[in-house]
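Asks: Before I ask anything, let me first share the structure, which is written out below as structure tokens.
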Amino acid sequence: MKTKVLIISTLTFIASIASAAIEEHYEEKPISIQKAGAFESEKQVKIRIGEDVTFKIKIYEDEFFGQTTISANATIDNATAKKVKAVYAISFHDKDGKLIGCHQGSWDLDPNDDVNYGSGIIFTEAELIKEVTSYKLRTFVVESTD
């Protein structure tokens, strides 16, 4: 039930900003997640998406306070002259399309600014991570009104 509420909330949030997006991307691809540490880049899956605002996401199995997680940490770089809100939502699925876990985050970025977001943490069981076969990623960038 919590997963359905999270998915509905995420989709509602994304839909509310989609009409104002200055940059929007979506991809759905196969993935195999390995156990790795934050600095074991050779074992991490790296995803880069975006044009003027780029999202670089590192995905790997990790532990956080003794619990197994999927880490989906992102570095977001705003190379525009505009203040923006950058949003990404990522979900992981098994071979039947069943949701294993998901994460969504948003940030306000000044012109020519970046953020290293290290809290893309999805708590799940190691056995379920082994069943992940694909991911879905959606990013939005809107001009900030602040």
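The values are calculated or read from the model by the stated rules, or taken from the named source; none is laboratory data. Just so you know, these numbers come straight off a predicted model, no measurement behind them. Heads up, the Cβs are rebuilt from the backbone with ideal geometry, glycines too, and the neighbour counts pull from every protein chain shown. Keep in mind that these areas ignore ligands, DNA and RNA; they rest on the heavy atoms of the full protein, side chains included. Shrake-Rupley method; radii C 1.70, N 1.55, O 1.52, S 1.80 Å.
Asks: Give all pairs with beta carbons closer than 6 Å in which a residue from segment 113-134 that is at positive phi and in contact (Cβ under 8 Å) with a residue 24 or more places away in the chain meets a residue that is open to solvent by less than 60 Å² (accessible area, probe 1.4 Å) and not aromatic (Phe, Trp, Tyr); count only pairs at least 6 apart in sequence or on separate chains.
Replies: If the second residue must be open to solvent by less than 60 Å² (accessible area, probe 1.4 Å) and not aromatic (Phe, Trp, Tyr), no pairs are left.
Asks: When residues of segment 79-105 are filtered for being farther than 28 Å from Gly66 by Cβ and touching a helix residue (DSSP H, G or I) at 6+ places or on another chain (Cβ under 8 Å), how many remain?
Replies: Going through segment 79-105, the residues farther than 28 Å from Gly66 by Cβ turn out to be 79-87, 95-97.
Right, trim to touching a helix residue (DSSP H, G or I) at 6+ places or on another chain (Cβ under 8 Å) and you get 85, 87, 95.
Matching residues across segment 79-105 total 3.
Asks: Among the numbered criteria (1) open to solvent by 30 Å² or more (accessible area, probe 1.4 Å); (2) hydroxyl-bearing (Ser, Thr, Tyr); (3) in contact with a strand residue (DSSP E or B) (Cβ under 8 Å, 6 or more places away or on another chain), which single criterion is violated by Thr54?
Replies: Evaluating Thr54 over (1) open to solvent by 30 Å² or more (accessible area, probe 1.4 Å); (2) hydroxyl-bearing (Ser, Thr, Tyr); (3) in contact with a strand residue (DSSP E or B) (Cβ under 8 Å, 6 or more places away or on another chain) leaves (1) as the failure.
Asks: Also: Name the single residue, out of those in segment 90-120 being modelled with pLDDT of 95 or more and of a type in the set (Gly, Ala, Ser), that is surrounded by the fewest Cβ atoms within 10 Å (Cβ to Cβ).
Replies: Gly97
Asks: Would you point out the residue of segment 63-89, among those that are over 17 Å from the mean Cα position of the chain (by Cα) and of a type in the set (Val, Ile, Thr), that is surrounded by the most Cβ atoms within 10 Å (Cβ to Cβ)? Please lay out each step first, then the result.
Replies: Start the filter on segment 63-89 by keeping residues that are over 17 Å from the mean Cα position of the chain (by Cα), which leaves 63-68, 79-84.
Still in the list and also of a type in the set (Val, Ile, Thr): 68, 80, 84.
On the way: Thr68: 17, Thr80: 18, Val84: 23.
Here the residue is Val84.
Asks: Would you pick out the residues in segment 64-91 that are in contact with an Asp or Glu (Cβ under 9 Å, 6 or more places away or on another chain) and under 23 Å from Phe39 (Cα atoms)?
Replies: First, the residues of segment 64-91 that are in contact with an Asp or Glu (Cβ under 9 Å, 6 or more places away or on another chain): 68-71, 75-80, 82-86.
Passing the criteria: Thr68, Thr69, Ile70, Ser71, Thr75, Ile76, Asp77.
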